[in-house]
Every structure is written in C-alpha cells, then in structure tokens.
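*Asks:* Structure provided below as structure tokens; questions to follow.
The values are calculated or read from the model by the stated rules, or taken from the named source; none is laboratory data. From a predicted model like this one, the values you see are computed outputs, not experimental measurements. No Cβ is skipped: glycine too gets one built from the backbone with ideal geometry, and neighbour counts run over all protein chains shown.
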C-alpha cells in the first residue's frame, strides 16, 4: 500500500488531497492535524492523528506538508528531511510541467498551472491553480505563486515570498525573500527590500 500522510487539514490540505487523488498513485490518503481528536474527518479523508505523533507513520508512508504559511511549511519540511522519510511532490494531471524543470521536495503544482522549460523550483513551493511560471524562472524554498498569478521569463523569487492572486511579474526581475506581492499587483522592477507591495506598478506599503 502507498499511503500519503498530509500534515495540515485546512483548506489548502483539502486541495492537496484532491490533487493527490487525481494523480492515482496513492492507495490511501490521510491527514494528521492539531485538531485531532476533536476532528476526525476532512471531506473524504480521515484525520488519524495529531501532528505530534507523525513519527508513528514514518516507516510506511510518504509525507506532504500542506500548511499555507511559508515559514511553517519549511520548518516541517526541515524536520522530515532530517528524518529521511519520503516526501512527495503533488502535481495535478491537468497541469503542464516541462520535463526540463528542476524540482525539489514537497512542492505542489495545482490544476491548470503551467511551468515552462528550464524552471528551477526549490523545496516546499506552491504553484497554485491556474498560475503560470515561464521559462528560466528560479523559485527558492517556500515560495507561493497564488491562483492566476503570472511570472514572465527569468524571474527570480527568494525564499518565503508570496505572489498574490492575479498578480503579474515582468521578465528578468527579482523579488527578495519574505516578501508579499498583493492581489492584482504588477511588479515591473526588482524588489530588493522585504515587505508588502501592492498596486500597479507595485509599491511598498509603509
């Protein structure tokens, strides 16, 4: 049996589970979450333990961290990598991913997303529903590209940054670590100072 253990039973976790089911490579999909034992079900999938008890599954399962917070997701991935347990990439069959991409561990690429040639993706990234990542982009660890966001070619995004829903980033630009690009914003020049940027063109909120 190929069991997928998803850490985090929130809304993001439900999308991960639905995507994993569409892949048809896992015989069993379960959640572990801090809401257990008060909650024991997340839509079609059982919540079987608290996150503190994750090690009981370490000998017979593949893991995925479905936590939306970028830093928390990376912290969990660090624990799993140190424990040398299998960690899945969850890639929806309707997405289009070039065979030339380089991809780390614990990433998800959701329905109708496009990842074009020569893209590099670190660990724990989210390429959300309908997002596009064009050629030669480099996404460091824990980057989240929200639904409908678009990265043009050769964009570089550093660790822990978040590109909001419907945002656009023009070609050959870079975004520093731990930065939020607001919904619908347009990034037209390098962002070198961490913070939250909104508007067209994107400006930092002070």
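*Asks:* Every residue in region 78-90 that is in a helix (DSSP H, G or I) and closer than 20 Å to residue 161 by Cα, please. Lay out the reasoning, then the answer.
*Replies:* Going residue by residue through region 78-90, those that are in a helix (DSSP H, G or I) are 78-83.
The one that is in a helix (DSSP H, G or I) and closer than 20 Å to residue 161 by Cα: 78.
*Asks:* Moving to a separate point now. State all residues of region 105-121 that are in contact with a strand residue (DSSP E or B) (Cβ under 6 Å, 6 or more places away or on another chain) and part of a loop (DSSP other than H, G, I, E, B); if no residue qualifies, say none. Can you show your working first?
*Replies:* Applying the first criterion (in contact with a strand residue (DSSP E or B) (Cβ under 6 Å, 6 or more places away or on another chain)) to region 105-121 yields 105-109, 113-115, 119-121.
Within region 105-121, 105, 106, 107, 113, 119 qualify.
*Asks:* Here is a further query. Would you check if residue 16 is farther than 17 Å from residue 111 by Cβ and either surrounded by fewer than 19 Cβ atoms within 10 Å (Cβ to Cβ) or modelled with pLDDT of 95 or more (or both)?
*Replies:* On the way: farther than 17 Å from residue 111 by Cβ: no; either surrounded by fewer than 19 Cβ atoms within 10 Å (Cβ to Cβ) or modelled with pLDDT of 95 or more (or both): yes.
No, not satisfied.
*Asks:* Additional query: Kindly indicate the residue of region 82-100 that is touching a strand residue (DSSP E or B) at 6+ places or on another chain (Cβ under 7 Å) and without any contact (Cβ under 8 Å) to a residue 60 or more places away in the chain and also nearest to residue 129 (Cα to Cα) among those meeting that condition.
*Replies:* Filtering region 82-100 down to residues touching a strand residue (DSSP E or B) at 6+ places or on another chain (Cβ under 7 Å) leaves 85-92, 95-98.
Cutting the leftovers down to without any contact (Cβ under 8 Å) to a residue 60 or more places away in the chain gives us 85-87, 89, 95-98.
Working: 85: 27, 86: 25, 87: 21, 89: 15, 95: 9, 96: 12, 97: 13, 98: 17 Å.
My answer is 95.
*Asks:* For region 75-95, give me each residue that is under 15 Å from the mean Cα position of the chain (by Cα) and either surrounded by 20 or more Cβ atoms within 10 Å (Cβ to Cβ) or under 22 Å from residue 23 (Cα atoms) (or both).
*Replies:* 76, 77, 87, 88, 89, 90, 91, 92, 95
*Asks:* Here's a follow-up. Answer with yes or no whether residue 29 is touching a strand residue (DSSP E or B) at 6+ places or on another chain (Cβ under 6 Å) and either touching a residue at least 60 places away in the same chain (Cβ under 8 Å) or surrounded by 14 or more Cβ atoms within 10 Å (Cβ to Cβ) (or both). Talk me through it step by step, then tell me what you get.
*Replies:* Details: touching a strand residue (DSSP E or B) at 6+ places or on another chain (Cβ under 6 Å): yes; either touching a residue at least 60 places away in the same chain (Cβ under 8 Å) or surrounded by 14 or more Cβ atoms within 10 Å (Cβ to Cβ) (or both): yes.
Yes; evaluated as a whole, the condition is true for this residue.
*Asks:* Which ones in region 133-145 are outside any strand (DSSP E or B) and within 18 Å of residue 96 (Cβ to Cβ)?
*Replies:* Narrowing region 133-145 to residues outside any strand (DSSP E or B): 134-137, 140-143.
Matches in region 133-145: 134, 135, 136, 137.
*Asks:* Further question on the same structure: With respect to residue 124, determine if the residue is part of a loop (DSSP other than H, G, I, E, B), buried (at least 24 other Cβ atoms within 10 Å of the Cβ) and not assigned by TED's automatic domain parsing to the domain that holds residue 21.
*Replies:* Values: part of a loop (DSSP other than H, G, I, E, B): yes; buried (at least 24 other Cβ atoms within 10 Å of the Cβ): yes; not assigned by TED's automatic domain parsing to the domain that holds residue 21: yes.
Yes.
*Asks:* Now a separate question. Can you name the condition, by its number, that residue 108 falls short on among (1) surrounded by fewer than 24 Cβ atoms within 10 Å (Cβ to Cβ); (2) closer than 22 Å to residue 180 by Cα; (3) assigned by TED's automatic domain parsing to the domain that holds residue 182; (4) touching a residue at least 60 places away in the same chain (Cβ under 8 Å)?
*Replies:* Looking at each condition in turn, residue 108 falls short on (1).
*Asks:* Give the residues of region 43-77 that are within 15 Å of residue 143 (Cα to Cα) and outside any loop (DSSP other than H, G, I, E, B), sorted by residue number. Show your work before the answer.
*Replies:* Start the filter on region 43-77 by keeping residues that are within 15 Å of residue 143 (Cα to Cα), which leaves 65-77.
Of everything in region 43-77, those that are within 15 Å of residue 143 (Cα to Cα) and outside any loop (DSSP other than H, G, I, E, B) turn out to be 65, 70, 71, 72, 73, 74, 75, 76, 77.
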